[in-house]
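What follows is one structure encoded as structure tokens, with my remarks underneath.
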Amino acid sequence: MARLLEGRVIAQKIKAELKNQIYNLDLKLVLASIQVGENSSSEIYIKSQKKLCEELGIDYQLHKLKENISESDLVEFIKKLNLDKAVHGIIIQMPLPTHIDYRNISRYIEPKKDVEGLHPENMGRIIFGKAKVLPCTPSAIMELLRETGVDLYGKEVVVIGHSEIVGKPLALLLLEKFATVTVCHIATFQRGRLEEHVKQAEILVVAVGKANLIKGNWIKKGSIVIDVGINKVNDKIIGDVEFEEAVKRASWITPVPGGVGPLTTTILIRNLLETRKM
Ligand code: NAD
């Protein structure tokens, strides 16, 4: 039976460190959060970010912009926040309406205020192993792997999902540790090759967003399973991996909820402090 890799518990430890650092600052930190239109999943993220900021004495400023705002007006809004000395970090809530492409927008956030680590400059630094601020979810995953005590050197790691916010930057962070990284995605699935890759994974990270995509009996015995997926099924939140069977085979597994999610929000706030050193 696998041990549970509980992000919630690690998040508490990091939170205690952050509290201490924030206590020693002689200013009130301000995190500006931009929400374009209404969306139920971004509401969940906003709620947890707001709660954590309140706990840590950070001013969380939510800016709700109209669903039909143009990309150029959104850029103007970001530029204003960049110039505002009272604002220390800027975050854009996802998903954005379809007429706005995050890849166009992310480069307008001042890299020093880019607490999500998604500005091309911050992303690019990862390639050189010189990142000053890391994207929150990959950073949370690395933190979870550290907690297991596993040595990543030469390990067979399979990452499923190659998005800009999770799979791609994570693959680079793993390579930095000399893991042997395989990245799978929709085309791997369409060729019917997902199972064979999963079966050889000593460490498996799944970030797709499809409930129970990964069958429990594919999981290699003794492996580490990080399930990033968040899926709402019959009013319950479940991951991308069939947990009931996977937990019997893995050595470590993240629960959903309570795994990657709570840690991601804490790392966002850690980034807010890290960007102050840039
Ligand atoms: P995305 O939609 O940007 O990317 C999905 C990826 O999955 C793509 O690489 C796509 O090719 C791949 N994919 C789609 N269908 C597939 C299939 N059948 N087989 C294999 N690969 C397939 O998603 P994202 O933003 O990276 O998020 C992925 C999941 O992780 C979502 O459920 C999201 O809610 C969750 N997420 C959780 C956190 C957290 O903090 N816990 C953070 C970010 C995302």
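The values are calculated or read from the model by the stated rules, or taken from the named source; none is laboratory data. Because the structure is predicted, anything quoted here is derived from the model rather than measured. When we count neighbours, we look across all protein chains shown, and the Cβ atoms used for this are built from the backbone with ideal geometry, even at glycine. Only protein heavy atoms, including side chains, enter the accessible area calculation; ligands, DNA and RNA are left aside. Shrake-Rupley method; radii C 1.70, N 1.55, O 1.52, S 1.80 Å.
Quick check: with the 1.4 Å probe, what order do Arg193, Arg107 take by accessible area, largest first? Working shown, then result.
On the way: Arg193 85, Arg107 125 Å².
My answer, sorted largest first, is Arg107, Arg193.
Which Rg and Dmax, in Å, describe the Cα atoms of the stretch 1-113?
Radius of gyration, then largest Cα-Cα span, for the stretch 1-113: 16.2, 53 Å.
Rg and Dmax of the stretch 136-261, Cα atoms, in Å?
When restricted to the Cα atoms of the stretch 136-261, Rg and Dmax are 13.1, 41 Å.
How high is the relative contact order of the stretch 83-147, in percent, counting Cα pairs under 8 Å that sit 6 or more residues apart?
Working: 48 pairs, mean separation 15.1, N = 65.
It comes to 23 percent, rounded to a whole number.
So how much slack lies between Lys232 and Leu27, counting 0.36 nm per residue of separation and subtracting their Cα-Cα distance, in nm?
Details: separation 205, 0.36 × 205 = 73.80 nm, distance 3.94 nm.
Additional length available on full extension: 69.9 nm.
Once Lys and Arg get +1 and Asp and Glu get -1 on their Cβ, which of Val9, Ser42, Leu56 lies farthest toward the positive end of the dipole of the stretch 1-70?
About the Cα centre, the residue reaching furthest to the positive side is Val9.
Taking the Cα centre of the chain as origin and charging only Cβ (+1 Lys, Arg; -1 Asp, Glu), how large is the dipole, in debye to the nearest 20? Walk me through the numbers before you get to the answer.
Numbers: 39 positive and 34 negative charges, 91 e Å.
Using Cβ point charges on Lys, Arg, Asp and Glu, the chain gives about 440 debye.
So what's the back-of-envelope 222 nm ellipticity for the chain, counting only DSSP H runs of four-plus at -39500 (n - 2.57) apiece and dividing by all residues, rounded to 500? Let's see the in-between values first.
Details: 11 runs with 115 residues, N = 278.
Estimated from H runs of four or more residues: -12500 deg cm²/dmol.
Which loop-located trypsin sites (Lys or Arg not before Pro) does the stretch 34-84 contain, where loop means any DSSP state but H, G, I, E or B and the Cβ has at most 16 other Cβ atoms within 10 Å? Display every interim value, and only then the final one.
Working: sites: Lys47, Lys50, Lys51, Lys64, Lys66, Lys79, Lys80; in loops: Lys66.
Here the sparse-neighbourhood loop sites are Lys66.
Over the heavy atoms of Trp252, what accessible area does a 1.4 Å probe trace out, to the nearest 10 Å²?
Trp252 exposes around 40 Å² with every protein chain in place.
How much length would be gained if the chain were fully extended between Met94 and Arg191, taking 0.36 nm per residue of separation minus their Cα-Cα distance, in nm to one decimal? Before the final figure, lay out the partial values.
On the way: separation 97, 0.36 × 97 = 34.92 nm, distance 2.97 nm.
Fully extending the segment from Met94 to Arg191 adds 32.0 nm.
So how much slack lies between Asn20 and Glu156, counting 0.36 nm per residue of separation and subtracting their Cα-Cα distance, in nm? If you can, show how the numbers build up before the last one.
Working: separation 136, 0.36 × 136 = 48.96 nm, distance 3.75 nm.
Taking 0.36 nm per residue and subtracting the Cα distance, the gain is 45.2 nm.
Please list, ordered by chain and number, the residues whose modelled amide H lies under 5 Å from the amide H of Ile34; skip anything fewer than 5 residues away on the same chain.
His63, Ile91, Ile92, Gln93
How large is the charge dipole for the stretch 136-261, taken about the Cα centre, if only the Cβ atoms of Lys, Arg (+1) and Asp, Glu (-1) carry charge, to the nearest 20 debye? All intermediate terms of the calculation are to be shown ahead of the outcome.
Working: 15 positive and 15 negative charges, 51 e Å.
Rounded to the nearest 20 debye, it is 240 debye.
Computed FRET efficiency, Cβ-Cβ of Thr180 and Asn104, R0 25 Å: what is it to the nearest 0.05? Show your work: numbers first, answer last.
On the way: r = 34 Å, r/R0 = 1.36.
Result of the calculation: an efficiency of 0.15.
Could you grab the relative contact order for the chain? Cα pairs under 8 Å, six or more apart, rounded to a whole percent. Walk me through the numbers before you get to the answer.
On the way: 515 pairs, mean separation 61.6, N = 278.
Relative CO of the chain lands at 22 percent.
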